[in-house]
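J.: Have a look at this one before I ask anything.
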Ligand SMILES: Nc1ncnc2c1ncn2[C@@H]1O[C@H](COP(=O)(O)OP(=O)(O)OP(=O)(O)O)[C@@H](O)[C@H]1O
Ligand SMILES: [Mg+2]
């Protein structure tokens, strides 16, 4: 059994009076892909956004309970959020490269963090593009505007940017939803490769995608984590009737 890197204990989350996450108790394992599935509005994005405290940006929101990332409760008042964001990278639904060159997309955060040596920056670029299998395609096109790349390249570049800071955990909120099937397949293959080095949490509307790439799956419904288990158990032999109804396509 891999060690636990993310653990929620009686985790509740509110947007004002709206109770968006209800008493979540779950552990996610290191160097595994964990998928969160469930119908629209059930709290999948809310849960992953909490994991790097992006939720802090929503005024009037509050969390209760414990969310431990790599052994530390991220709601502890002494907790350093900027350190958390270095350990927990995030990739979004729509590729969101900065309106800059490929090169600048990859070095921007590092320059702000104080890395200025040319050879060091070049090493970061090479390593992160190799990791997403874009090095041979882009090594001679580093000055290309990132927004002119295909959607698939843009999303892989965003993944490269996220992993260039060497996080432990990579959060992906529907990373393939704006990609065509071929690009989706490339990103899925990439996720499978990346889990050798990273703990990955992926939100997906595609049950097939969860079944293809995840080791564990959590089924959420109206703010509750209804069932969590190894992916094959969730899809072949779920315990809860609500999970069964969702995976058999009765609603959602
Ligand atoms: N900033 C916000 N302020 C108030 N309510 C919000 C906010 N963001 C989300 N919600 C509400 O919280 C609930 C959970 O939303 P969330 O976006 O986490 O769901 P989701 O499972 O990711 O849905 P989808 O599959 O559509 O992306 C929804 O009822 C949503 O309307
Ligand atoms: Mg969402």
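The values are calculated or read from the model by the stated rules, or taken from the named source; none is laboratory data. Values in this document were obtained by computation on a predicted structure and should not be read as measured data. Glycine gets a Cβ as well: all are built from the backbone with ideal geometry, and neighbour counts include every protein chain shown.
J.: Which ones in segment 81-95 are within 16 Å of ligand 1 (Cβ to nearest atom) and either assigned to a loop (DSSP other than H, G, I, E, B) or over 21 Å from residue 172 (Cβ atoms) (or both)?
T.: The answer is 92, 93, 94.
J.: Do we have any residue at all in segment 20-27 that's at negative phi, under 16 Å from the mean Cα position of the chain (by Cα) and surrounded by 15 or more Cβ atoms within 10 Å (Cβ to Cβ)?
T.: yes
J.: Is segment 58-73 home to any residue that is modelled with pLDDT under 95, within 14 Å of ligand 1 (Cβ to nearest atom), surrounded by fewer than 18 Cβ atoms within 10 Å (Cβ to Cβ) and under 30 Å from residue 156 (Cα atoms)?
T.: Taking every residue of segment 58-73 in turn, at least one turns out to be modelled with pLDDT under 95, within 14 Å of ligand 1 (Cβ to nearest atom), surrounded by fewer than 18 Cβ atoms within 10 Å (Cβ to Cβ) and under 30 Å from residue 156 (Cα atoms).
J.: For segment 52-78, what are the residues that are closer than 14 Å to residue 8 by Cα, in contact with a helix residue (DSSP H, G or I) (Cβ under 7 Å, 6 or more places away or on another chain) and touching a residue at least 40 places away in the same chain (Cβ under 8 Å)?
T.: Going through segment 52-78, the residues closer than 14 Å to residue 8 by Cα turn out to be 52-53, 63-76.
Keeping just the survivors that are in contact with a helix residue (DSSP H, G or I) (Cβ under 7 Å, 6 or more places away or on another chain) gives 52-53, 63, 67, 69-70, 74.
Those that are closer than 14 Å to residue 8 by Cα, in contact with a helix residue (DSSP H, G or I) (Cβ under 7 Å, 6 or more places away or on another chain) and touching a residue at least 40 places away in the same chain (Cβ under 8 Å): 52, 63, 67, 69, 70.
J.: Do we have any residue at all in segment 102-110 that's under 17 Å from residue 163 (Cβ atoms), surrounded by 14 or more Cβ atoms within 10 Å (Cβ to Cβ) and within 15 Å of ligand 2 (Cβ to nearest atom)?
T.: Looking for residues that are under 17 Å from residue 163 (Cβ atoms), surrounded by 14 or more Cβ atoms within 10 Å (Cβ to Cβ) and within 15 Å of ligand 2 (Cβ to nearest atom), one finds none in segment 102-110, hence no.
J.: In segment 42-90, how many are in contact with a strand residue (DSSP E or B) (Cβ under 9 Å, 6 or more places away or on another chain) and within 16 Å of ligand 2 (Cβ to nearest atom)?
T.: Of the residues in segment 42-90, 16 are in contact with a strand residue (DSSP E or B) (Cβ under 9 Å, 6 or more places away or on another chain) and within 16 Å of ligand 2 (Cβ to nearest atom).
J.: So if I check each of 81, 102, which one is in contact (Cβ under 8 Å) with a residue 24 or more places away in the chain and farther than 26 Å from residue 69 by Cα? Talk me through it step by step, then tell me what you get.
T.: Working: 81 fails: farther than 26 Å from residue 69 by Cα.
Within the list 81, 102, the selection yields 102.
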